[in-house]
Structures are given as C-alpha cells and as structure tokens.
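To start, the structure under review is shown below, and the notes come after it.
The values are calculated or read from the model by the stated rules, or taken from the named source; none is laboratory data. Just so we're clear, the structure is a prediction, and the values are computed from it rather than from any experiment. Backbone-built Cβ (ideal geometry, glycine too); neighbour counts: all protein chains shown.
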Amino acid sequence: MPTTFRVPYITAWSGEFMEHPLGFAWADEAAGLRLAYSDPQPQDWMFGVLWARQGLAACGRPEWKLVNTFRQRRCMLHRLCQVCGASAVDQLTGRTWWVLADEPHESSETAGYTNAPPTCLPCIPGALTACPRLRRGAAVYTVGDIEPYGVVADLFTPTRAGEAIHVQRSVTVTFEEFRRLEKALAKQLLVVLDDVVPFPGVPTVPGRGLSSPNADPSEGRGAERASLLSLNT
C-alpha cells in the first residue's frame, strides 16, 4: 500500500513564488541606500532587513527543499511546529520541543543558533521517520528560550543607477551587521536557542504518526506524557 507523506507546514509551494523588482533607494533609517521593492510596503521590513515576499496559498506542487519565508519566520517567533503549524510548547513544562539534524551553530559559550523551527511532540516520531535528512541522524531537545539572531539571506549590491545586482546566495547575516542588512533579502530567520536540554531517546506517541491537519493539538496529551515518563525511568 503506498504511503502518503504530509507536506510540512513550512514547505514552500510552486504557486507561492512571487516576482517583484528590487532596487536600491534612499532610506532615512539607514542614512543611505537600502535594498527595497519597487513598491515598498512597511511590512516588507522586520529586524532592520528586507524580507522576501511569498504567497501563502499552498498551491501547485510542494518544493521539498525550500521553505516558505513567512511560515518559517512565524514558526520561529511564535514557537509553532514546522510540520503541522500548531504550538510546539509543552503544556506542562512551558519548554519548546526541538528536533535538530545538526548541532546548533555556536554563537556564544552557552547557546547556539539554528534556522530549523521547532517540532511539536505529536509530530516528532513521524518527522524522524519521514524526513530523509533526519533519518540520517537527528537529536531531540527541549528549549527554554529563544532570541532572534540573524537571517539567511541573499546579498545584493547597487549599481550607479540604483539597480540591484545579486552577488551572494543563502549567507548568514547577523542583526549586528547593519551595513550588510541594508543589502540583504532575508529568506529565513535564525534564532539562538537558550537552555537547551537533550532528550534521552525518541519520544513516542502511541497510535499516532504525523498529526492530522485538522486535529486538536491537545488531543492525546495524556498518552504522550505517559510515553515520556516511561523513557525517563
């Protein structure tokens, strides 16, 4: 019997891509030229950087290797599950569930940063099974707090006429690099993970795989908690 894989909430779809001309224009906030769309809107900027515009219709075909910029940022800022879009915060502890294929990149002695949003407890077992990268190796953590750190962005440089020339793709730009932020088109938000605690083993949710798009996020919490307790004994 064929297996149907659920498209994760943060995955980009082919019908969501939008073409908008970019250029450089004077900005009082930057006291100089800053990357902007030809029809700039106040919501284009957050954290002092221009963000890629993208639709939210989830139509067309899934682009498995790409993420939707808005949904990725929303998951980071509101601690939502990258698979189903529900809260990834544990209701009993207040900590956030996180699955990482790699160790967080170091940004200080006590924390690291990542572009991977959290994954809620019901979705962790299915994510570890369905995602090829996670199958090659991943670890489960709970996280006490997060802090925006920077962006994954494309960098542009201006011509004398104010046109934008694409010079670098998918580079890390921190929020302290003010001049680079003015030339960046942000694609993903990076956050610092603080108070990161490895989870001993893989949490299991009896009788459940990837949660239904319309499922109540609180459904089955008692069974999930029993599974966690059994792993800690």
>> Just the residues that are in a loop (DSSP other than H, G, I, E, B) and surrounded by 23 or more Cβ atoms within 10 Å (Cβ to Cβ), please, taken from the stretch 74-83.
In response: C81, Q82, V83
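Please work out which residue is farthest from the chain's Cα centre (by Cα), limiting yourself to the stretch 130-177 and to residues that are of a type in the set (D, E, K, R) and part of a strand (DSSP E or B). Write out each step before concluding.
We begin by selecting, within the stretch 130-177, every residue of a type in the set (D, E, K, R); these are 133, 135-136, 145, 147, 154, 160, 163, 169, 176-177.
Right, trim to part of a strand (DSSP E or B) and you get 145, 147, 154, 163, 169.
On the way: D145: 15, E147: 13, D154: 16, E163: 30, R169: 17 Å.
Across the stretch 130-177, the extreme among qualifying residues is E163.
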> Between a first residue in the stretch 177-193 that is farther than 8 Å from V151 by Cβ and a second residue that is among the polar types (S, T, N, Q), which pairs have beta carbons less than 6 Å apart while being 6 or more apart in sequence or on different chains?
Replying inline: V192/S107
> From V140, V151, which residue is within 17 Å of A52 (Cα to Cα) and surrounded by 13 or more Cβ atoms within 10 Å (Cβ to Cβ)?
Replying inline: V151
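Restricting to the stretch 95-114, and then to whatever is closer than 15 Å to L190 by Cβ and surrounded by fewer than 12 Cβ atoms within 10 Å (Cβ to Cβ), can you tell me which residue is modelled with the lowest pLDDT?
Quick first cut of the stretch 95-114, residues closer than 15 Å to L190 by Cβ only: 98, 100, 102-108, 111-114.
Imposing the further condition that a residue be surrounded by fewer than 12 Cβ atoms within 10 Å (Cβ to Cβ) reduces the set to 103, 106, 108.
Numbers: E103: 61, E106: 58, S108: 48.
This residue is S108.
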>> Within the stretch 39-73, take every residue that is free of Cβ contacts under 8 Å to residues at least 60 places away in the same chain and closer than 16 Å to C84 by Cα and give me the one that is surrounded by the fewest Cβ atoms within 10 Å (Cβ to Cβ).
In response: A57
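Quick one: is W26 of a type outside the set (V, I, T) and surrounded by 15 or more Cβ atoms within 10 Å (Cβ to Cβ)? Explain how you work it out, then say what you get.
On the way: of a type outside the set (V, I, T): yes; surrounded by 15 or more Cβ atoms within 10 Å (Cβ to Cβ): no.
So W26 does not fit the description; no.
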> So which residues in the stretch 1-59 are touching a Pro at 6+ places or on another chain (Cβ under 6 Å), farther than 22 Å from G150 by Cα and hydroxyl-bearing (S, T, Y)?
Replying inline: S38
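Does R73 qualify as being at pLDDT 95 or above, farther than 20 Å from A138 by Cβ and of a type in the set (K, R)?
yes
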